[in-house]
Amino acid sequence: MQTNPALAERKQRIDSNMSKIKHKIVVMSGKGGVGKTTMSVNLAYGLSLRGYKVGILDADLHGPNIPIMFGKEGVKLSRISEPLEITENLHISSLSFFVPDNSPVVWKGPQKITAIMEMLEGIKWGEIDYLIVDLPPGTGDETLGIAQNIGTDSKAVIVTTPQKVSLLDSTRSINFAKLINLNVLGVIENMSGFICPDCQKEVNIFKKGGAEKMAQEKKTDFLGSIPLDGNIVESGDNGLPFISNDSLASRRMNDIIAKVIEKTEKEN
């Protein structure tokens, strides 16, 4: 089988660009609405607060929401090579920086793969400690394109909610990750219980504990759970990651980050 020289050269440039990044973590979910982007944002922000140099690639082409969660909605950039600085230790890049606001991305598979390749090749992250990639839900073109080009040393974090339908889809994501040789760091159970602000009683609106059981069955680590918390919604809408505030959710998120650091540094 003949190799397309242009594609081979592009792959070499992507490999060179990705080789400067110490740890690459894709954040996946089997279905939408489980808080995958929220987990991506707070994982990256929490790592940056600990002194690591971090980048976030918003690879959800049809719903690029990373900028909104940092209060950068409507920002436009002229060059794809330069990610937007949030703090000295944190930079982000997203398709939303280059398309008109509220315009739908109506692309077929090959167009989406081309866009993914251009982002992996063109964004100059430099020598950073972590690149967090916020993937679209499911196992479609974008997910496959990222996984096949980001590097064989990349890792995955799976985000789910406790109810059965989400766990079923998340199981598929774990199987997909393993099929394409992504090292699964573990599973996060989001929206896991709700602490009433008045009586402090915990109510398991979406059940609880299903992700931990699923992780055990799939022989995958359980990283932790994040409860439903009004502060998470308010923080996201205000462009400030919830981990920056003191709450049960932020403490749980910090515990998850500590596990991610331990696992990535150990494997490195």
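So which of Val187, Val133, Val157 ends up being within 20 Å of Leu43 (Cβ to Cβ), without any contact (Cβ under 8 Å) to a residue 60 or more places away in the chain and either open to solvent by 20 Å² or more (accessible area, probe 1.4 Å) or of a type outside the set (D, E, K, R) (or both)? Give the derivation first.
Details: Val133 fails: without any contact (Cβ under 8 Å) to a residue 60 or more places away in the chain; Val157 fails: without any contact (Cβ under 8 Å) to a residue 60 or more places away in the chain.
Answer to the check: Val187.
So which pairs qualify, if the first residue must be in segment 203-220 and more than 18 Å from Asn183 (Cα to Cα), the second must be part of a helix (DSSP H, G or I) and open to solvent by less than 80 Å² (accessible area, probe 1.4 Å), the Cβ gap must be under 6 Å, and the two must be at least 6 apart or on different chains?
Filtered contacts from segment 203-220: Gly210/Leu167.
Any residue in segment 92-105 that's within 16 Å of Glu118 (Cα to Cα): show its pairings with residues that are of a type in the set (S, T, N, Q) and open to solvent by less than 80 Å² (accessible area, probe 1.4 Å) at Cβ separation under 9 Å, as long as the two are six or more apart or on different chains.
Ser94/Asn65; Ser96/Asn65
Restricting attention to segment 233-268, and to residues there that are among the hydrophobic types (A, V, I, L, M, F, W, C), open to solvent by 30 Å² or more (accessible area, probe 1.4 Å) and within 18 Å of the chain's Cα centre (by Cα), which single residue is modelled with the lowest pLDDT?
Checked segment 233-268; the qualifying residue modelled with the lowest pLDDT is Val233.
Please return the ranges of helices (runs of 4 or more DSSP H) entirely within segment 155-240 where 1 or more residues are under 30 Å from Lys72 (Cβ atoms).
164-179, 230-237
Determine, yes or no, whether Ile128 is among the aliphatic types (A, V, I, L, M) and in a loop (DSSP other than H, G, I, E, B).
The answer is yes for Ile128.
State whether one or more residues within segment 175-183 are at pLDDT below 85, open to solvent by 60 Å² or more (accessible area, probe 1.4 Å) and in contact with a strand residue (DSSP E or B) (Cβ under 6 Å, 6 or more places away or on another chain).
Taking every residue of segment 175-183 in turn, none turns out to be at pLDDT below 85, open to solvent by 60 Å² or more (accessible area, probe 1.4 Å) and in contact with a strand residue (DSSP E or B) (Cβ under 6 Å, 6 or more places away or on another chain).
Of the residues that make up segment 118-130, is at least one at pLDDT below 90, over 14 Å from the mean Cα position of the chain (by Cα) and crowded, with 17+ Cβ neighbours inside 10 Å?
No, every residue in segment 118-130 fails to be at pLDDT below 90, over 14 Å from the mean Cα position of the chain (by Cα) and crowded, with 17+ Cβ neighbours inside 10 Å.
Name the residue that is modelled with the lowest pLDDT, counting only residues in segment 153-167 that are more than 15 Å from Ile132 (Cα to Cα) and β-branched (Val, Ile, Thr).
Restricting attention to segment 153-167, the residues satisfying the condition of being more than 15 Å from Ile132 (Cα to Cα) are 160-167.
Those left that are additionally β-branched (Val, Ile, Thr): 160-161, 165.
Details: Thr160: 92, Thr161: 91, Val165: 83.
In this case the residue turns out to be Val165.
Testing Gly109 on (1) surrounded by 15 or more Cβ atoms within 10 Å (Cβ to Cβ); (2) of a type in the set (Gly, Ala, Ser); (3) free of Cβ contacts under 8 Å to residues at least 40 places away in the same chain; (4) within 20 Å of Asn149 (Cα to Cα), one condition comes back false. Which one is that?
Looking at each condition in turn, Gly109 falls short on (1).
I'd like the full set of residues that are touching a residue at least 24 places away in the same chain (Cβ under 8 Å) and of a type in the set (D, E, K, R), limited to segment 160-184.
Residues satisfying the conditions are Lys164, Asp169, Arg172.
Report whether or not Ala258 is in contact (Cβ under 8 Å) with a residue 12 or more places away in the chain and of a type in the set (Gly, Ala, Ser).
No: the conditions fail for Ala258.
Name the residue, out of Asn42, Asn65, that is open to solvent by 40 Å² or more (accessible area, probe 1.4 Å), within 28 Å of Met191 (Cα to Cα) and under 13 Å from the mean Cα position of the chain (by Cα). Full working, then the answer.
On the way: Asn42 fails: open to solvent by 40 Å² or more (accessible area, probe 1.4 Å).
Answer to the selection: Asn65.
Would it be correct to say that Ser170 is at pLDDT below 90, crowded, with 23+ Cβ neighbours inside 10 Å and under 18 Å from the mean Cα position of the chain (by Cα)?
yes
The values are calculated or read from the model by the stated rules, or taken from the named source; none is laboratory data. Since we're looking at a predicted model, the values are computed, not measured. Note that each Cβ is placed from the backbone with ideal geometry, even for glycine, and that neighbours are counted across all protein chains shown. When the accessible area is computed, the model is the full protein with side chains, heavy atoms only, and any ligands, DNA or RNA have been set aside. Shrake-Rupley method; radii C 1.70, N 1.55, O 1.52, S 1.80 Å.
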